[in-house]
1. May I ask for the distance between the Cα centers of region 1-52 and region 191-213, given as a whole number of Å?
2. Sorted from fewest to most neighbouring beta carbons within 10 Å, what does the list 51, 263 look like?
3. Just subtract the alpha-carbon distance of residue 47 and residue 63 from 0.36 nm times their residue separation and send over the number in nm, one decimal.
4. Give the percent of DSSP beta bridges with both residues in region 1-137 that are antiparallel, rounded to the nearest 5.
5. At a 10 Å Cβ-Cβ cut-off, how would you order 34, 40, fewest neighbours first?
6. How much length, in nm to one decimal, is gained on full extension between residue 122 and residue 171, taken as 0.36 nm per residue of separation minus their Cα-Cα distance?
7. Give the angle, between 0 and 90 degrees and rounded to the nearest 10, that separates the Cα long axis of helix 101-116 from the longest principal axis of the Cα atoms of the chain.
8. Calculate, axis by axis, the spread of Cα positions in region 117-220 along the three principal axes, and write the results as whole Å, longest axis first.
Ligand code: MEV
C-alpha cells in the first residue's frame, strides 16, 4: 500500500494573470487531500473518491479526473495491463473550484504511487507528475496550483513561457495569517474561463495591457507588504486585485455579493480566488475575532465557509 497527500491552496494575487507569465502569489492551506493506492489482481484502476465536496463538484469533474489520473500514471510509468490499482482519495480538503482540489489530488496520487513503487522521486519530480495530472483538468495550467500544493508555504511563482523551469520562491511570513475562504457553491470550468479571458485579451489588447500594467504594481506591492506584514496594505491590494478580476469578467454577482459581505464585516481585503465565475473568494482576516466575525457573516448569508491560515 502507498500513501501520499497534497495541500489545498489559495491564490492571493494573480489568478489568470499568471497564465501570461506575470508573477503570482499563492499559499498552501492546512487542508489536504490524501491518496492511498493498493495493488490487486486484475487490470486498470478502480477509484473510490471519498473527498468531501460542494454538491455536484465530483460529478462535474469526473471526465477530467479520468484524463488526469491517466496522465499521472503514464508520466510515472505505471502500466496497469497486468495489475489493478485501487485508488482511494480522502482527506479534509473540501473539493470546490478555487481551493486547488484538482492539484491536491494529483500531488497526493503522485506521492502515493511514488511510495507504493519506491520510486525515490523528490518534490520536484512529484510536482512535474502533478502538473501532467493538472493538464487533465485544464489543458494548459500555469503550474501555480500544483507548485503550492507540492511544496506548501507561501509561494511567489512566475510561469516560464518558453518551457524552461518556472520561478518559484518561498516567502517566509513572520507569523501565519488568518484567512476565511467561502464558496459560491458553483463549480467553474477552468479551461473554459481561461480560454474566454484569452479571447477577450486578443480582441482588445490595449484594454488588457492597461489591466496588466495595474496588476504588475499590485503584485509587486503585495509581495513587499506581505514581507513587511503590512496586512492593511495586503488587504487593500487584494481588493484592487478583485477589481481587476471583475474587469476581466471572472467575478459574478454572487462572488461580488460575498466580497461585499466580507468587507462589511470588517475584512481587510476580499477577492475571487482561482478560476472565478463560481468557486471561492478568499478574505484576509488577521486575528481570531475578525476571522470569526467574517466567517459568521458569510455563514449567516448561507455560504459554505472555512477558516484557514496562510504562510504556515
Ligand atoms: C486556477 O487556480 C488559476 C488560473 O490562473 C489557471 C492557472 O493558473 O492555470 C485561473
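We did not get these values from a lab; they are worked out from the coordinates using the rules stated. For clarity, every value in this text was computed on a predicted model and none was experimentally measured. Backbone-built Cβ (ideal geometry, glycine too); neighbour counts: all protein chains shown.
1. Answer, in whole Å: 27.
2. On the way: 51 21, 263 18.
Sorted ascending by nearby Cβ count, the order is 263, 51.
3. Numbers: separation 16, 0.36 × 16 = 5.76 nm, distance 1.27 nm.
Stretched fully, the residue 47-residue 63 segment lengthens by 4.5 nm.
4. Values: 18 of 25 bridges.
For region 1-137, the DSSP antiparallel bridge percentage is about 70.
5. On the way: 34 22, 40 11.
So the residues, fewest neighbours to most, are 40, 34.
6. 15.6 nm
7. 30 degrees
8. Each principal axis gives a Cα extent; for region 117-220 these are 50, 35, 35 Å.
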